[in-house]
Amino acid sequence: MEQLALISTRRDHVAIMRPCLGFLEKIVSGDKTIESRWYLQRTAPWDEITAGDAVYFKNAGQPVTLRAKVADVKQYDRLNPAKIRQLLDKYNSQLGLTKSESDSFFSEIKNKRFGILIFLTDIRKINPFDIDKSGFGTMSGWLVIDDIAKIKKVKAPTFKQNKLLI
């Protein structure tokens, strides 16, 4: 009898946030439980993220500080301003947006054609670490990897006068 090996398709992701929006703080406080991405073309994590995956969050230019599990993913295509407005109205509070923030956000994304809503659970602060984005492009706002350890920068121990500094 032939045995089939189970292959895990769980992936890790890094979401790089704009610090000026304050979304990391809203995720930590529980005010934001959905991460959204809006694009003109299908771009990562489109078709690359599923429930059970892990998302690591960082502000641009800063270390990774949060980890969450993906509870659900909803993808939308052929969007137009009316459909985007409906989605924002429906998920406004879970996106961590006040009414005025929602209006401003809408003006930024109203012409996008694709949207992804990533429902987060098990949100945790983690020990900060830096990542190596080599090969992903300097403007990448979302990274998809098999294992976060592959891009996690490990700080080498430093020595001073024959003493290990941690």
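What the table below lists for this structure:
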{"quantity": "Number of the condition not met by Pro19 [criteria: (1) at pLDDT 95 or above; (2) under 23 Å from Asn127 (Cβ atoms)]", "calculated": "(1)"}
{"quantity": "Meets criteria (out of contact with any Asp or Glu (no Cβ under 8 Å at 6 or more places or on another chain) and more than 19 Å from Leu24 (Cβ to Cβ)) for Asp122", "calculated": "no"}
{"quantity": "Residue that is nearest to Pro81 (Cα to Cα) [pool: residues in the stretch 94-120 that are of a type in the set (S, T, N, Q) and free of Cβ contacts under 8 Å to residues at least 60 places away in the same chain]", "calculated": "Ser107"}
{"quantity": "Number of the condition not met by Glu108 [criteria: (1) farther than 25 Å from Asp146 by Cβ; (2) charged (D, E, K, R); (3) buried (at least 18 other Cβ atoms within 10 Å of the Cβ)]", "calculated": "(3)"}
{"quantity": "Qualifying positions in the stretch 67-125 - of a type in the set (Lys, Arg) and on the phi > 0 side of the Ramachandran plot", "calculated": "Arg78"}
{"quantity": "Residue check, Trp46 closer than 18 Å to Arg18 by Cα, out of contact with any helix residue (DSSP H, G or I) (no Cβ under 6 Å at 6 or more places or on another chain), surrounded by 11 or more Cβ atoms within 10 Å (Cβ to Cβ) and modelled with pLDDT of 95 or more", "calculated": "no"}
{"quantity": "Long-range neighbours under 6 Å by Cβ, at least six apart or interchain, first residue on the phi > 0 side of the Ramachandran plot and surrounded by 16 or more Cβ atoms within 10 Å (Cβ to Cβ) within the stretch 14-25, second part of a helix (DSSP H, G or I) and among the basic types (Lys, Arg)", "calculated": "none"}
{"quantity": "Index of the failed condition, Thr138 passing every other in (1) free of Cβ contacts under 8 Å to residues at least 24 places away in the same chain; (2) more than 21 Å from Leu21 (Cβ to Cβ); (3) among the β-branched types (Val, Ile, Thr)", "calculated": "(2)"}
{"quantity": "Test result for Ser36, of a type in the set (Ser, Thr, Tyr), exposed (fewer than 14 other Cβ atoms within 10 Å of the Cβ) and either free of Cβ contacts under 8 Å to residues at least 24 places away in the same chain or closer than 22 Å to Asp103 by Cα (or both)", "calculated": "no"}
{"quantity": "Residue match in the stretch 56-63 (condition: touching a residue at least 24 places away in the same chain (Cβ under 8 Å), of a type in the set (Lys, Arg) and outside any strand (DSSP E or B))", "calculated": "no"}
{"quantity": "Qualifying residue in the stretch 75-88 (condition: farther than 24 Å from Pro128 by Cβ, surrounded by 12 or more Cβ atoms within 10 Å (Cβ to Cβ) and among the β-branched types (Val, Ile, Thr))", "calculated": "yes"}
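The values are calculated or read from the model by the stated rules, or taken from the named source; none is laboratory data. Every value quoted in this text rests on a predicted model; they were computed, and no experiment measured them. Methodologically, a virtual Cβ is constructed for each residue, glycine included, from the backbone with ideal geometry; neighbour enumeration extends over all protein chains shown.
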